[in-house]
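Engineer: This structure is in structure tokens; I'll ask about it shortly.
Just so it is clear, none of the values below were taken in a lab; they were calculated from the coordinates. All values derive from a computational prediction rather than experimental measurement. FYI the Cβ positions are ideal-geometry reconstructions off the backbone, even for glycines, and counts take in every protein chain you see.
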């Protein structure tokens, strides 16, 4: 009973169980939630044609870790080395440091092992590596035969060196290159702004888009019209070819309860996700199905940017 549980489990672990384990377990009572969770964390959540091997995962995340989260690759290597130093000199660290190293190592290993690999998955544990590196640097300075004032001076000097060393890599880095490719500040909000004001009078709106941005399409609608419902997005989880998209679009167009349809056709390369098959060549089949169907008729069109790479059209249900 409760008394036996309290006697066997420390107070900290009981709080962890009550505020984390139990709520998550209860959430699995929601229909289909447990099945979706098991699919997502399971071995079948694998992009088409991807290599599920451990070496491929380690290689991919090493590149993302170095290029996406550090000003230069040598800084990523320095983080790993200092974290290793901290692990070797852990006897010099204060109690509680084990949690930092456990999170860093377990997070990296489990993320690499999972077949569905995305750079954003590093978000949840990358800070633990930075903290582990700081612990390693602190332990290294503590082991040095220096006075306390000298240690503080060395630590401050090292921080200044790292800050200065990042300036030039940041100026030439991936983020700066991405900004240079888009000097006009082009945003996906330009796409949603083109049509969102015109769909407020409809009860249910369907969005068929070749842009993989379902959440963006929904929250811009909610924000403009202050509604929590009334919009649904067409989506194919995994695409093997145009026929998958064509069949899914045909079924969705025939069964949707929408009384208006927004069609977003983008040919911008950055909108494609090749690993999931979401490419213009495949998704154009859905656009063709919209053009071919008879349930909706086109009533308006927009080109939200110069160059004609994105077209948006509004379709209204034909009265029956």
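Engineer: If you scan region 192-215, which residues turn out to be crowded, with 17+ Cβ neighbours inside 10 Å and part of a helix (DSSP H, G or I)?
Structural biologist: 192, 194, 195, 196
Engineer: While we're on this one: Please go through region 115-137 and give me each residue that is under 11 Å from the mean Cα position of the chain (by Cα) and surrounded by fewer than 17 Cβ atoms within 10 Å (Cβ to Cβ), ordered by number.
Structural biologist: Correct list: 118, 119, 120, 123, 124.
Engineer: (1) farther than 29 Å from residue 53 by Cα; (2) surrounded by 14 or more Cβ atoms within 10 Å (Cβ to Cβ): which one isn't true of residue 157, the others all being true?
Structural biologist: Tallying (1) farther than 29 Å from residue 53 by Cα; (2) surrounded by 14 or more Cβ atoms within 10 Å (Cβ to Cβ), residue 157 fails exactly one: (2).
Engineer: Pick out the one residue from 297, 303, 246 that is more than 29 Å from the chain's Cα centre (by Cα) and farther than 14 Å from residue 212 by Cβ.
Structural biologist: Of 297, 303, 246, the one residue that is more than 29 Å from the chain's Cα centre (by Cα) and farther than 14 Å from residue 212 by Cβ is 297.
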